[in-house]
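Presented below is the structure to which this report refers.
The numbers here are math on the coordinates, done by the rules we state, and not lab data. Note that the structure is a prediction, hence the values are computed from the model and not measured. Cβ: placed from backbone, ideal geometry, glycine included. Neighbour counts: every protein chain shown.
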Amino acid sequence: MSLRARLTGFGSYLPKQVVTNADLAERIETSDEWIRTRTGIAQRHIAGEDETAVSMAVNSARAALAYAGIDAQEIGAVIVATATPDQCFPATAVRVQAELGMAAGFAFDLTAACSGFVYALATAEAFIRSGQVKKALVIGTEVYSRIVDWEDRTTCVLFGDGAGAVVLEATEEEGLGILSTHLHSDGSHGDILYVDGPATAKPVLHMQGREVFRHAVAKLSSVVDEALAANGLQGQDIAWLVPHQANLRIIEGMAKKLALPLDRVVVTVDRHANTSAASIPLALDEAVRDGRIKPGDLVLLEALGGGLTWGSALLRL
């Protein structure tokens, strides 16, 4: 029997501070209506001085480990997806490894912007399928509030902070776990969504919103079709779509393409805004814990981020 990677633990962490659209309207020229109409966002969580990429990742990891009922010492690999690490190095993942008290295994960061969690999930799955690792911890953690220009109303309203984590365990049960992953990138479009500056400068995020939206619709549609075709499925076979939470209009467009009603799509963008690599695990954790996503459900994940990078993962819990 071949090994598969099954998701057995889920956890998340959101900063204590909540910033509403009305709060932003007091600081910049915008309004709740303007933001909601274009993005579907009503509020976002913003990290305080004591909340970091590492601390949020650790909190989400502990919750995921508790859900799975396993000790951190059983984890063979920690992979952290982040575009906003606290330091250039050491990696966020090794800081998490230390905080969890892990005495063995290996840890590293992975950067693929908003697609980071899907990339990290595919990477962890490969380690498990190869037999090199039996249990892995995959985390998305972001502190975008520290790289956005808070004077630019076209970008600062879009992002929030947070972290989400999953535990992967090896299984030989046929039809369970991650069924397939599909990753892509196209560096020729790197200039439509990027963060500038060398490591010693204050980085700032820049985005050409319309171009990103256009690419998102086309590339996400393609990578979703790829996942379905690889598994001989139709859109209606999917129990739940858990998309990257960037824009409600993109999410609604993907649901329509799959012929899925919105009540089978996990949406958190209204409350979390775009938390980049953290958005999918945050949404997964919420939907699993509130009982919407149940064991045996077929779940499709998809995301697009700066690079451009994009990818999908099909899994059965």
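How do the peptides 279-291, 51-63 rank, highest first, by the average count of neighbouring beta carbon atoms within 10 Å per residue?
51-63, 279-291
Whole-Hz Karplus values for the stretch 153-166 come out as 5, 7, 10, 5, 6, 8, 10, x, 10, x, 8, x, 9, 9 Hz, taken residue by residue from phi with 6.51 cos²θ - 1.76 cosθ + 1.60 and θ = phi - 60°; glycine and proline positions read x. Mind checking which aspartates and glutamates have their Cα closer than 18 Å to the Cα of K134? Skip sequence neighbours fewer than 8 apart in that chain. Excluding near neighbours in sequence, the set is D71, E74, E125, E169, E172, E173, E174.
Multiplying each eigenvalue of the alpha-carbon gyration tensor of the stretch 1-155 by 5 and taking the square root yields semi-axes of 33, 16, 14 Å, largest first, rounded to whole angstroms.
Scanning residues 5 or more positions from A107 or on other chains, those with amide H under 5 Å from its amide H are V78, with H placed 1.01 Å from N in the peptide plane. Compactness ratio for the stretch 172-310: Cα radius of gyration over 2.2 N^0.38 Å (N = residue count) comes to 1.11.
Peptides 254-265, 85-96 ranked from most to least packed give 85-96, 254-265, packing being the mean of other C-beta atoms within 10 angstrom over each peptide's residues. Remark on L298: its backbone amide H falls under 5 Å from those of A239, W240, a criterion applied only to residues 5 or more positions apart or on other chains, H modelled at 1.01 Å from N.
The alpha carbons of the chain occupy a box of 59, 45, 39 Å along the principal axes, longest dimension given first.
For the pair the stretch 292-315 and the stretch 199-270, the centres of their Cα atoms are 9 angstrom apart. Close amide H pairs (under 5 Å, H built 1.01 Å from N) link T275 with G160, Q245, residues at least 5 positions away or on another chain.
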